[in-house]
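I have a structure I would like to understand better, so I am pasting it below and will then ask my questions one at a time.
Taken together, the values in this text are just the output of simple stated rules run on the coordinates, not laboratory data. Because the structure is predicted, anything quoted here is derived from the model rather than measured. Backbone-built Cβ (ideal geometry, glycine too); neighbour counts: all protein chains shown.
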Amino acid sequence: MRQSAVMFKAKGLNFEGIVATPEDMGSGLPGIVICHPHPLYGGNMDNNVVLALSFALAESGFATIRFNFRGVGNSEGEHTKGEQEHQEVLGAFDLLKAWPGVNGGKLGLAAYSFGTSVVLGSAAAQKRAKCVALVSPHIRSIKDSPLKKAKTPTLIITGDRDRLVEAADLQPNLDSFNTPVDFQVVAGADHFWGGLERQLVKPVTEFFARHLA
């Protein structure tokens, strides 16, 4: 696996990120944009879940970009409670689409916790992705999401010990999606996935492999 530090612009602000690619890059690789958890609670692009997803996907033949939302690390701007953060998601898509060896027609979107709220609230970000994987999303973000009416293949994965996202409460909301959601619950996992990253990345990687092959 190779990693490259990058900077990209979105709406006049500079954002830092890392592009990870397979060691044997080749051409025509599918790409995945990965969004991190809540910045005000220590979330950044080096979060354990984000890193696990990035590394597993790169090792499975995907190019990925993880980045810091506004106000995090060396990314410019200030936190806006998710109202403007979709702009850097779009900027990350632009960078990954233009990355040498990446097939710009095969891009997916992965997000964790706060990152899922950004994705679920942005139809523009959703339209850039052929498929979407959401890790530990909050119910309130799902209820009014435009993703419900889309035909985008969607994976939602959470843990059965997640006190912030009760798995049993998610299902009634998922039933209202126009396209059936691939919903998976991992036994023993809480909201932070400590020590259970492998159980998370396997279904996510398989999901992207199915839809971006």
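Need one word for segment 2-212: rounded, prolate or oblate. Basis is the Cα gyration tensor (sqrt eigenvalues a ≥ b ≥ c); a/c below 1.5 gives rounded, then a/b vs b/c decides.
Since a/c stays below 1.5, the shape of segment 2-212 is classed as rounded.
Next up: Mind checking the full-extension length gain between Lys130 and Leu90? Use 0.36 nm per residue of separation minus the Cα-Cα distance, one decimal, nm. Walk me through the intermediate numbers first.
Working: separation 40, 0.36 × 40 = 14.40 nm, distance 1.39 nm.
Gain in length upon complete extension: 13.0 nm.
Going by the alpha-carbon gyration tensor, a ≥ b ≥ c the square roots of its eigenvalues, is segment 144-213 rounded (a/c under 1.5) or, if a/c is not under 1.5, prolate (a/b greater than b/c) versus oblate?
Since a/c reaches 1.5 but b/c is at least a/b, the shape of segment 144-213 is classed as oblate.
If I model a spin label at Gln199 and Gln3 as a point 7 Å from the Cα along the Cα→Cβ vector, what separation in nanometres do I get?
Placing both labels 7 Å along Cα→Cβ, they lie 2.6 nm apart.
Another one. Test of understanding: ordering Cys35, Cys131 by Cβ neighbours within 10 Å, fewest first, what list do you get?
Cys131, Cys35
Now for a separate question. What share of the DSSP beta bridges in the chain is antiparallel, in percent to the nearest 5?
35 percent
So which residue, out of Gly108, Gly82, Gly31, gets the largest mean-square fluctuation from a GNM of the chain using Cα contacts under 10 Å as springs?
Evaluated over the chain, the most mobile residue of the options is Gly82.
Once each part is reduced to its C-alpha centroid, what is the distance from segment 140-171 to segment 88-113 in angstrom?
Spelled out, the Cα-based centre of one part sits 22 Å from the other.
Please name which of Ala187, Cys131, Cys35 has its Cα lying farthest along the dipole of segment 2-212 towards the positive end, using unit charges on Cβ (Lys, Arg +1; Asp, Glu -1) and the Cα centre as origin.
About the Cα centre, the residue reaching furthest to the positive side is Cys131.
I would also like to ask the following. Given springs between every Cα pair under 10 Å in a Gaussian network model of the chain, which of Glu83, Glu166, Glu59 has the largest fluctuation?
Looking only at Glu83, Glu166, Glu59, the biggest GNM fluctuation is shown by Glu83.
Quick one: grab the alpha carbon gyration tensor of segment 1-70, order the square roots of its eigenvalues as a ≥ b ≥ c, and give me rounded if a/c is under 1.5, else prolate or oblate depending on whether a/b is larger than b/c.
Judged from the Cα gyration tensor, segment 1-70 comes out oblate (a/c at least 1.5, b/c at or above a/b).
Compute the relative contact order of segment 2-212 as a whole-number percentage, counting only Cα pairs closer than 8 Å that sit 6 or more residues apart in sequence.
Relative contact order of segment 2-212: 19 percent.
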